[in-house]
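Quick notes on the structure that follows.
The values are calculated or read from the model by the stated rules, or taken from the named source; none is laboratory data. Since the structure is predicted, the reported quantities are computational estimates derived from the model, not experimental observations. No Cβ is skipped: glycine too gets one built from the backbone with ideal geometry, and neighbour counts run over all protein chains shown.
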Amino acid sequence: MRAVALAHRWAALLLGTVLLTTGCVTLAPQPMAALQEAAAGTPPLQMLPSVSSNEATRREVASGGAATQGPPTCGGQAVSPGWPDFSSGGEALLAPFLTCISPAGFVALQERVDMPRLVEALDEWRAVRLGALGPVREDAAHLLQRKRAAFLVSATERHGLMHAEVFALFVLHSAHDDEVDEVLRLLAREKRLGQTLALMPAVREELKARGLPLSDYPERAERAGDVLRGLGRAARDALATSQTSDGLRYMELSARRAQLPPPYQQALHEMERALAERHFSAGSVALGGFDAMTFGVPLGFYYLVASTGHGAYSLSQGQYEQATRELAPAMLLGALYAGGKGSRALSEARGAPGAGLGGARGLGLAEPRLAALADMARQLEARLGVDGLRELARDIQASREAGRFVAAGGVDAALALRQARGDVARAQALMSKARPGATGSSAVPTPKGAGAAERPGGMASLVDEQAGLTREVVEARLALVELESTGPRLPRDVAVLEKQRPSPDAPPPGADGNPRWPEYVAYYEKRLGELEQGRAAKGPLRWEAYERMWGWFARGLAFERFMVELLRADAKLPRAERRFLGAFHNPRIERYVGVWKPESGLRFADVLVIEQQPPPPGRPPRVETFSFKSRDLSLLDERSLKAQMKADASEALGYYGETLDIRRPSLKPLLREGSEVPVQRVCLIYEGGKLKPEKVDVLDAAVNKVKKDVQGVEVLFQ
């Protein structure tokens, strides 16, 4: 009796502690307040500012959204005009995203809504489900990671370690590596890893396989507040032993189980059956079943979806099995992300007979979807090879930014990402000559004005939308030039860079009033952030080097624009009077055409000229490419001049010569024999004047050397 009385007193003490520290007793999941604070220095979750209505409108205009078009859609279904109604409840907020049939649609729909406010309005579990659909927009990503971390803690407390392990694997499988890294840091900062993921064998193995071992995330030291937190959890555990609490928790678990993809549901079922038979050891069922289920690269699996008669969305078990047989893991992920914009069969299949789960368990729906995915996978494999596809899948899994880039840009973005070896900044630069919006950016278009050569100033002075030079394109091309710049740089030491951080209000001598100084400050801050996150290999350029690099970049764009105008004028002359295009009957001049070669990947020619007059049957049209260089060759000696010109010519031939796969859809009517065509001539044109070597004999010797060593390239000076 004394032991029972002591137990009752201890329970009363625990309940009193909870009442004093929380103000009331509740059976609902307890919020993890410490995890609802951002990384050091940022405000709590409820204090984070929402994107203003002006900012939301800006995004809509930038993405061709509601400000200029009708109601937004996803997966071919129109979103309710009143969506999002933040007072309507979490499921109503989430529902439109669940109708998306590809990561591309998911990314596009996010541009139509205030994502930080939406993520903030979702509870932890619905936020986890949202994150499983694909890469969440940058301004809402940190909120999502905090809710994921909070869910892992609450799921462990409410459902027990073994049930929580399956949910934890679902979170990990549907998150990019950089997102998982942030979640682990949040848990370690609040001393929660040891109570959650560290006790889950399957999770530990998953993290280790992805290069994120828990040993890399040491937890903080004990604090006085941890005692009260422990008492509060003990009290909640005591309360959770009641029949009412057990019933509520079981109902919650059942509801969440139904919203998991079928393989996770099956894992929970097998685990509970093994528990009932008392032959279960923690983690063994999950470890045995998850490798086959997730394909090893599970991001995006939600897009193998089937509609039920009740309007819910779940994965077809049969479709999973068929996908496992027909598509390798890397092929599936690459096709889902890169092919989302073009897989029309995915959308059409929604209305196909037997699309519900009731008809042959969704296999009628599976066939057209898998056919579309398989076709896209074959295209990617033909260009990247099997190893390249594996690397592409790993690139997408490693970074949320990479996933968003490929989802928004489609196949060309996927090829550019692989060409850049997973470096998104470099891939964006490679894509910068594609159509506006190809890199997935939501930058505001800048109105077209005069040409770059007539408008000195900052970044805006280089924008020429009619020519395809949107602000997004200019910034991406400048980023590539910066990466390749050999000018002096500041060290990579973050502490040193923070001390030397420039101020927009305190420019150095000579920079006062310079429109590029604020841009340099923004560039410096961005590079500092990249270094802090381990995403940059070089420190920022010093101001003088940045100014010099920017000047040459602007000059190069101006020369390029001048040459395009010259070519267009040349095309209007009679053939006998043309200087550049005399070999064409009816030349069509195109800028920034995407061209593919297996050895060089996806590139964009400065200018591609194609014959519009139909060629004889069985022969391809005439194609020539032009590459423009604004480079100071005047100070080079003969040996250096030959080496530089030979390198430029070899690059031009390697990227834009020999046989090219032309990727621009608008040119397909001229490519009747297929998109692969031989290039008759590559023309490398240097800016002349003061940049040209003064000694004619030295220049002639260098040109002759290039002509001999790099056949197929003609070198000219303008």
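List every residue pair whose Cβ atoms lie under 7 Å apart, where the two residues are 6 or more positions apart in sequence or sit on different chains, the first residue falls within region 685-698 and is more than 22 Å from Arg579 (Cβ to Cβ), and the second residue, located anywhere, is acidic (Asp, Glu). Qualifying pairs under 7 Å: Val698/Glu638.
Just for helices (runs of 4 or more DSSP H) wholly inside region 460-557: which have at least 2 residues that are modelled with pLDDT under 85 and buried (at least 20 other Cβ atoms within 10 Å of the Cβ)?
On the way: elements: 471-484, 494-499, 517-532.
Helices (runs of 4 or more DSSP H) meeting the threshold: 471-484.
Determine if region 646-666 includes at least one residue that is touching a Lys or Arg at 6+ places or on another chain (Cβ under 6 Å) and either at pLDDT below 90 or small (Gly, Ala, Ser) (or both). No - not one qualifying residue is present in region 646-666.
Of all residues in region 696-718, which are charged (D, E, K, R) and surrounded by 13 or more Cβ atoms within 10 Å (Cβ to Cβ)?
Once the filter is applied, which keeps residues that are charged (D, E, K, R) and surrounded by 13 or more Cβ atoms within 10 Å (Cβ to Cβ), region 696-718 yields Lys705, Lys707, Asp709, Glu714.
Residues that are among the aromatic types (Phe, Trp, Tyr), under 22 Å from Met115 (Cβ atoms) and at pLDDT 90 or above, at least 1 per element: which helices (runs of 4 or more DSSP H) completely within region 127-227 meet that? I'd like the intermediate steps shown before the answer.
Values: elements: 138-173, 177-189, 201-209.
Per the criteria, 138-173.
Run down Leu415, Leu365 and say which single residue is modelled with pLDDT of 85 or more, in contact with a strand residue (DSSP E or B) (Cβ under 6 Å, 6 or more places away or on another chain) and part of a helix (DSSP H, G or I). Working first, answer last.
Working: Leu365 fails: modelled with pLDDT of 85 or more.
Of Leu415, Leu365, the one residue that is modelled with pLDDT of 85 or more, in contact with a strand residue (DSSP E or B) (Cβ under 6 Å, 6 or more places away or on another chain) and part of a helix (DSSP H, G or I) is Leu415.
Selection over region 666-687 of residues that are assigned to a strand (DSSP E or B) and of a type in the set (Ser, Thr, Tyr) gives a count of 1.
Please report, ordered by residue number, the strands (runs of 3 or more DSSP E) entirely within region 560-665 with at least 1 residues that are farther than 13 Å from Ile685 by Cα and touching a residue at least 60 places away in the same chain (Cβ under 8 Å).
Numbers: elements: 587-597, 601-611, 623-629, 659-662.
So the answer is 587-597, 601-611, 659-662.
Can you spot a residue in region 155-174 that is buried (at least 17 other Cβ atoms within 10 Å of the Cβ), of a type outside the set (D, E, K, R), touching a helix residue (DSSP H, G or I) at 6+ places or on another chain (Cβ under 6 Å) and under 26 Å from Ser87 (Cα atoms)? Checking region 155-174: at least one residue is buried (at least 17 other Cβ atoms within 10 Å of the Cβ), of a type outside the set (D, E, K, R), touching a helix residue (DSSP H, G or I) at 6+ places or on another chain (Cβ under 6 Å) and under 26 Å from Ser87 (Cα atoms).
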